[in-house]
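Taking it in order: structure first as structure tokens, then the write-up.
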Amino acid sequence: MAKSKRSQVVSLTKTDKRSTKAAKAAQIEEIKSHADSEKYVWVFSVGNMRNAALKDVRQRWKGSGRLFFGRAKVMAKALGTTPEEEHRPGLHAVGRRLSGPVGLFFTSTPPDEVTEWFRDFVKPDFARAGNIAPRDVILPEGPVVMYNDPASPFPSSMEPQLRKLGLSTRLVKGVPTLTQPQIVCKGGDRLTSEQTQLLKLLGERLAEFKIRMAGYWSEEDGWVEVDGLPDPEEYANTSALGGGEEIDDEL
């Protein structure tokens, strides 16, 4: 029987293996190029990953530094993880630290300036399910307001949703109101989806995007530890991958 000439559905998830291989090869060569041209090679980790914030960092360092955050195995292969494989003498000290949600930062800016800049760069954001609450959030008795602004009470149409998310509200003069204080979350709680939705509606930003500079390598000093890498439990507590947000593969 002749094959049908009708249009067939083609899955967009399929990727040409040749193009993927070529892209990885190009990424490896770019990493090697920066390892040759920049004085310092940093390893960093990310807490509460947000792609928009990471792109902001890239933009701010454009022209004076190059940041890579993607597949750790690809980055490790570029630098080498053993003395026999390393791209430059001593770089295996960087390559063997590339595991999990970590990245590379190449720059010739002095280490003290880099450390100070990244320690100061913090972007508050809304927590996601699985994050650990850093503090208590308790709503007082009375109208439920947005962003702690008494002039911005929730409209009556939101009352069913607030109740669905766990608040014991009732309408008083058309405004969702609590008859007694209510705990939304307590410090140390692993937040649920309902809690994070409610916190977002309230305008409570409990997460912080931060880049932690583990250390750097230079030809003169070798590997220098700065803040170190967090342990696996700390990765889990801060949801380093952003509670489900995909890692930005724009190496």
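The values are calculated or read from the model by the stated rules, or taken from the named source; none is laboratory data. The structure displayed is predicted, hence computed values, not measured ones. With ideal geometry, Cβ positions are generated from the backbone for all residues, glycine too; neighbour counts draw on all protein chains shown. Remember, those area values only see protein heavy atoms, side chains included, never the ligands or the DNA or RNA. Shrake-Rupley method; radii C 1.70, N 1.55, O 1.52, S 1.80 Å.
Assorted remarks:
- Of all residues in the stretch 221-230, at least one satisfies being within 24 Å of K55 (Cα to Cα) and open to solvent by less than 40 Å² (accessible area, probe 1.4 Å).
- Qualifying positions in the stretch 1-59 - open to solvent by less than 80 Å² (accessible area, probe 1.4 Å), at pLDDT below 85 and more than 20 Å from A72 (Cα to Cα): S4, S11, D16
- The set of residues from the stretch 35-51 being within 9 Å of the chain's Cα centre (by Cα) and in a helix (DSSP H, G or I) comprises just one member, N51.
- Unique residue being closer than 28 Å to E116 by Cα, modelled with pLDDT of 95 or more and surrounded by 12 or more Cβ atoms within 10 Å (Cβ to Cβ) when the list is R190, R212: R212
- Residues that are closer than 17 Å to R60 by Cβ, out of contact with any helix residue (DSSP H, G or I) (no Cβ under 9 Å at 6 or more places or on another chain) and in contact (Cβ under 8 Å) with a residue 60 or more places away in the chain within the stretch 93-116 comprise V114, T115, listed in sequence order.
- Annotation note: Cβ proximity below 6 Å between a residue of the stretch 147-167 that is touching a residue at least 12 places away in the same chain (Cβ under 8 Å) and a residue that is open to solvent by 50 Å² or more (accessible area, probe 1.4 Å) (sequence gap 6+ or interchain) occurs for P153/P143; S156/L171; E159/L171; L165/E194; L165/Q197; G166/E194.
- Wholly within the stretch 76-145, strands (runs of 3 or more DSSP E) carrying at least 1 residues that are of a type outside the set (A, V, I, L, M), open to solvent by 30 Å² or more (accessible area, probe 1.4 Å) and more than 16 Å from A214 (Cβ to Cβ): 122-125
- Evaluation of S218 against the conditions (1) of a type in the set (S, T, N, Q); (2) in contact (Cβ under 8 Å) with a residue 24 or more places away in the chain; (3) more than 30 Å from S108 (Cα to Cα) shows that the sole unmet condition is (3).
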